[in-house]
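Undergrad: Just dropping this structure here.
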Amino acid sequence: MSSQEFLDLFTTAQLWASEAASHGAEHHAPPITDVIYPALNFLIYAFIIVKYALPAVRSFLKSRREEVITTMSQASAKMAAAQALVDEYKAKLATVDRDVQSLHATLRDEGERDKAKLVADANAMAAKIKEDARILADQEIKMARQKIREEMAIQAEATARALLQRNLSVDDQTRLANEFIQSIGQSR
């Protein structure tokens, strides 16, 4: 609305009010200054508000809206990242029990295999030690028997010599020597 249109409207309103007063109303119309000054005062305030305050409020509200939208988009991005992290950890936690059980089973199986191997190795070592001990005992027995035979032969020879020297006379020695010589001669 231009100022000319406003002035026309204002003047028309004044004329209408004055005609109504002249048609028999005994109303006393307020002076024009009581109407114009408050109206001008209102118009000045309205102009100041529209010209200066309203653009500042619009600018503030627009920037605030952009801040809120930016903050909400950042918050939703952070929330999506946090939810992805939570889902990732939930998935990891779900597999942790399975992994722990698998690890326990693997370690138990390895332990059983190691135990079986150690037992087999120990049994093989024990068998080898027993075999070595048996062979050593057999050798010791053979050596002991050989030693006993040698001692018995030495003892028998000593006993035979002692008996021969005690019981054999010179005539017997001569007769034995002659028999020996004759047996050698016949065998040739």
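Undergrad: Looking at this structure, is Ala137 under 60 Å from the mean Cα position of the chain (by Cα) and either at pLDDT 90 or above or in a helix (DSSP H, G or I) (or both)? I'd like the intermediate steps shown before the answer.
TA: On the way: under 60 Å from the mean Cα position of the chain (by Cα): yes; either at pLDDT 90 or above or in a helix (DSSP H, G or I) (or both): yes.
Spelling it out, Ala137 is indeed under 60 Å from the mean Cα position of the chain (by Cα) and either at pLDDT 90 or above or in a helix (DSSP H, G or I) (or both).
Residues checked against (1) without any contact (Cβ under 8 Å) to a residue 40 or more places away in the chain; (2) among the hydrophobic types (A, V, I, L, M, F, W, C); (3) closer than 30 Å to Thr12 by Cβ; (4) surrounded by fewer than 10 Cβ atoms within 10 Å (Cβ to Cβ):
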position	(1), (2), (3), (4)
Ile32	yes, yes, yes, no
Ala46	yes, yes, yes, no
Val57	yes, yes, no, no
Lys78	yes, no, no, no
Asp109	yes, no, no, no
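Undergrad: Looking at the structure I just gave you, is Leu61 under 56 Å from the mean Cα position of the chain (by Cα), exposed (fewer than 10 other Cβ atoms within 10 Å of the Cβ) and either in a helix (DSSP H, G or I) or of a type in the set (A, V, I, L, M, F, W, C) (or both)?
TA: Numbers: under 56 Å from the mean Cα position of the chain (by Cα): yes; exposed (fewer than 10 other Cβ atoms within 10 Å of the Cβ): no; either in a helix (DSSP H, G or I) or of a type in the set (A, V, I, L, M, F, W, C) (or both): yes.
Against the criterion (under 56 Å from the mean Cα position of the chain (by Cα), exposed (fewer than 10 other Cβ atoms within 10 Å of the Cβ) and either in a helix (DSSP H, G or I) or of a type in the set (A, V, I, L, M, F, W, C) (or both)), Leu61 does not qualify.
Undergrad: Please go through (1) surrounded by fewer than 10 Cβ atoms within 10 Å (Cβ to Cβ); (2) in a helix (DSSP H, G or I); (3) at pLDDT below 80; (4) of a type in the set (A, V, I, L, M, F, W, C) for Trp16 and return the number of the only condition it doesn't satisfy.
TA: (1)
The values are calculated or read from the model by the stated rules, or taken from the named source; none is laboratory data. In this text the structure is predicted, and so the values were computed from the model without any measurement. Heads up, the Cβs are rebuilt from the backbone with ideal geometry, glycines too, and the neighbour counts pull from every protein chain shown.
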